[in-house]
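The values are calculated or read from the model by the stated rules, or taken from the named source; none is laboratory data. Note that the coordinates shown come from a computational prediction; the quantities given were computed from them, not determined experimentally. Here the Cβ is made from the backbone with ideal geometry for all residues, glycine too, and neighbour counts use every protein chain on show.
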Amino acid sequence: MKVRVRFAPSPTGPLHIGGVRTALYNYLFARQNGGQMILRIEDTDQTRFVPGAEQYIIEALDWLGIKFDEGVHIGGPYGPYRQSDRKAMYRQYAEQLVNDGWAYYAFDTPEALDAKRKEYEAQKRTFQYDCNTRHEMDNSLTMTAEELSSRLASGAPYVLRFKFPENTDITVHDLIRGDVTMNSRLLDDKVLYKSDGMPTYHLANIVDDHTMEITHVIRGEEWLPSAPLHVMLYRAFGWEDTMPRFAHLPLLLKPEGNGKLSKRDGDRLGFPVFPLDWHDPKTGELSSGYREKGYLPQAVVNMLALLGWNPGTDQEIMSMDELIKLFNIEHISKSGAKFNVEKAKWFNHEYFQKLSDEAVADMMEPQLREHGITADRDYVVKVCGMMKERITFPSELWDTCCYFFQAPTEYDPAAIKKRWKSGMTVHMAKVIEILNTVDFDYDTIHKALLDDYIVGNGLNMGQVMNSLRLAVVGRTVGPDMLTLVMMLGKDETIRRVQRAIDTIGEVEN
Ligand code: GLU
């Protein structure tokens, strides 16, 4: 059996990060089994259609390196891959179900359904259109063949509903949860087809999975309640022998652990829940994306892979190729996976370290230009190589490295108070003198300044070196001080130290 899986989003807005994880698991499973991965757009609900959403989905998955073998954007032998483009073919399947007694016409108007609901509420009951109530409703089961013909001839709007058999246990074999059984008494006669010629999700999904020869349906847990209907549809069509196997993925939970991760959680806690920035075409509202926040696609993939799955070992860093090798459905957890923003940042930091110094320099260049700085490429590459371990997001590059490119204009007042003790101007003048007299190399300066001057005179090493840092950097952070001095060069270092002496001057503490 050749594995064929599909990712089947509805273009109703930006793709939630949970949807991205579904796509990723499908992709890993397909690749591992030498199978095919299909992108199908499920746009039967025209009322929820959002322009731009399909393009967004394609761009997001492409950014993450989740590739397709067939799909709406690349075509393929089972196309078309957009359900609205397949509209014409669903009718015959709907009719087949009616003819075989698996579906029926229902003419109930929205007003009539509403009245029914109210009637039930008044009796403290909940109305559901199902095997217990269908005989009270306006449908082909409660009218004669003549009545049905004349209703249809009159052009009365109708829907086709699935006719669940009475009191029947329906079992869904789920690869993650095992057997899940539900009795048909509890299930409502879902609408399959509408008189406007559009199938609903349920009918289109089953017809497409069958005609596209899908072997495994890997999707979010929110679809588990629909799975008994889907199993019954396969039975009704006589397709049970080729029915795909199901795997329903656990929910992505809020960081606190209760409830599904929502866009609001992202806004509240300051992390994206979408892969890319999304501008809502109606409201203009911006939802931020991982890409624009500076996350690397490899980091997002790795983090998502581990939200709900583990390789069975403690290994955390896994490339896409490794994930493809290690992935298995058995290690997907049944319970929801808590989103952890600190972990997301940790992954990004790890993957940032894997970037070449050149690649980091490429990210740095626009920031330099923005600050009006032209710098030698080799120097930029060197700075990036030295400093990348301190970086989680590319946007931090300028702030973390700016003193390599421009002298400080201010000095951290707290650091002055703590380090720049009385007599410091004398020590700094000595630094200038040493730099001016000895050979400008690391070991020579180390000996002259640290060993002979500071240690030799019994001075406080931390105080002198941190004051020097304050003079050169403007604050008390940065790489090894003498390495920095070597990078900046003799003249620039001396200029900075002199300027600090002139600006901060002698203090009394
Ligand atoms: N169109 C459904 C969605 O938006 C797909 C569900 C499925 O994979 O069957 O999630």
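Among (1) over 18 Å from Pro413 (Cβ atoms); (2) over 44 Å from the mean Cα position of the chain (by Cα); (3) surrounded by 15 or more Cβ atoms within 10 Å (Cβ to Cβ); (4) of a type in the set (A, V, I, L, M), which single condition is Met428 missing?
Among (1) over 18 Å from Pro413 (Cβ atoms); (2) over 44 Å from the mean Cα position of the chain (by Cα); (3) surrounded by 15 or more Cβ atoms within 10 Å (Cβ to Cβ); (4) of a type in the set (A, V, I, L, M), Met428 violates only (1).
Six or more apart or on different chains, Cβ atoms under 8 Å: show the pairs whose first residue is in segment 16-27 and more than 19 Å from His279 (Cα to Cα) and of a type in the set (A, V, I, L, M, F, W, C) and whose second is more than 12 Å from the ligand (Cβ to nearest atom) and part of a helix (DSSP H, G or I).
Pairs found: Ala23/Leu61; Leu24/Leu64; Leu24/Val301; Leu24/Leu304; Leu24/Ala305.
Could you pull out the residue among Tyr93, Tyr81 that is away from the ligand (no atom under 16 Å from the Cβ), hydroxyl-bearing (Ser, Thr, Tyr) and touching a residue at least 12 places away in the same chain (Cβ under 8 Å)?
Tyr93
Among the residues in segment 478-485, are any assigned to a loop (DSSP other than H, G, I, E, B), in contact with a Lys or Arg (Cβ under 7 Å, 6 or more places away or on another chain) and in contact (Cβ under 8 Å) with a residue 60 or more places away in the chain?
Yes: segment 478-485 contains one or more residues that are assigned to a loop (DSSP other than H, G, I, E, B), in contact with a Lys or Arg (Cβ under 7 Å, 6 or more places away or on another chain) and in contact (Cβ under 8 Å) with a residue 60 or more places away in the chain.
Identify, by number, the condition in (1) surrounded by 15 or more Cβ atoms within 10 Å (Cβ to Cβ); (2) in a loop (DSSP other than H, G, I, E, B) that Gly155 doesn't meet.
(1)
Tally time: how many residues in segment 1-37 are out of contact with any Leu (no Cβ under 9 Å at 6 or more places or on another chain) and within 11 Å of the ligand (Cβ to nearest atom)?
7
Just name the residue that is nearest to the chain's Cα centre (by Cα) out of those in segment 67-95 that are within 25 Å of Ser319 (Cα to Cα) and crowded, with 21+ Cβ neighbours inside 10 Å.
Here the residue is Phe68.
In this structure, does Gly478 turn out to be on the phi > 0 side of the Ramachandran plot and at pLDDT below 95?
Against the criterion (on the phi > 0 side of the Ramachandran plot and at pLDDT below 95), Gly478 qualifies.
Checking Gly197 against (1) out of contact with any Leu (no Cβ under 9 Å at 6 or more places or on another chain); (2) within 15 Å of the ligand (Cβ to nearest atom); (3) touching a residue at least 60 places away in the same chain (Cβ under 8 Å), which single condition isn't satisfied?
(2)
Is there any pair with a first residue in segment 259-277 that is basic (Lys, Arg) and a second that is assigned to a loop (DSSP other than H, G, I, E, B) and surrounded by fewer than 22 Cβ atoms within 10 Å (Cβ to Cβ) whose Cβ atoms are under 7 Å apart and which are 6 or more apart or on different chains, and what are they?
These pairs meet every condition: Lys260/Leu251.
Where the second residue is away from the ligand (no atom under 12 Å from the Cβ) and not β-branched (Val, Ile, Thr) and the first is over 21 Å from Ala88 (Cβ atoms) and part of a helix (DSSP H, G or I) and lies in segment 203-222, which pairs have Cβ atoms under 7 Å and are six or more apart or on separate chains?
Listed by first residue and then by second, the contacts come to Glu221/Pro250; Glu221/Leu251.
Select, from Glu221, Glu240, the only residue that is surrounded by fewer than 16 Cβ atoms within 10 Å (Cβ to Cβ) and either modelled with pLDDT of 95 or more or not basic (Lys, Arg) (or both).
Glu240
Among the residues that make up segment 359-366, is at least one of them touching a helix residue (DSSP H, G or I) at 6+ places or on another chain (Cβ under 9 Å), over 22 Å from Ser319 (Cα atoms), modelled with pLDDT of 95 or more and hydrophobic (A, V, I, L, M, F, W, C)?
Yes, that holds for at least one residue.
Just the residues that are among the charged types (D, E, K, R) and exposed (fewer than 12 other Cβ atoms within 10 Å of the Cβ), please, taken from segment 274-289.
Lys282, Glu285
Select from segment 211-257 the residues that are within 25 Å of the chain's Cα centre (by Cα), more than 16 Å from the ligand (Cβ to nearest atom) and not acidic (Asp, Glu) and list them in ascending order.
Those that are within 25 Å of the chain's Cα centre (by Cα), more than 16 Å from the ligand (Cβ to nearest atom) and not acidic (Asp, Glu): Leu253, Lys254, Pro255, Gly257.
So which residues in segment 168-201 are at pLDDT 95 or above, assigned to a loop (DSSP other than H, G, I, E, B) and acidic (Asp, Glu), if there are any at all?
Across segment 168-201, the qualifying residues are Asp188, Asp189.
Among residues belonging to segment 77-131 that are in a loop (DSSP other than H, G, I, E, B) and among the hydrophobic types (A, V, I, L, M, F, W, C), point out the one that is nearest to Asn183 (Cα to Cα).
Cys131
Is it fair to say Asp62 is part of a helix (DSSP H, G or I), more than 16 Å from the ligand (Cβ to nearest atom), on the phi < 0 side of the Ramachandran plot and out of contact with any helix residue (DSSP H, G or I) (no Cβ under 9 Å at 6 or more places or on another chain)?
yes
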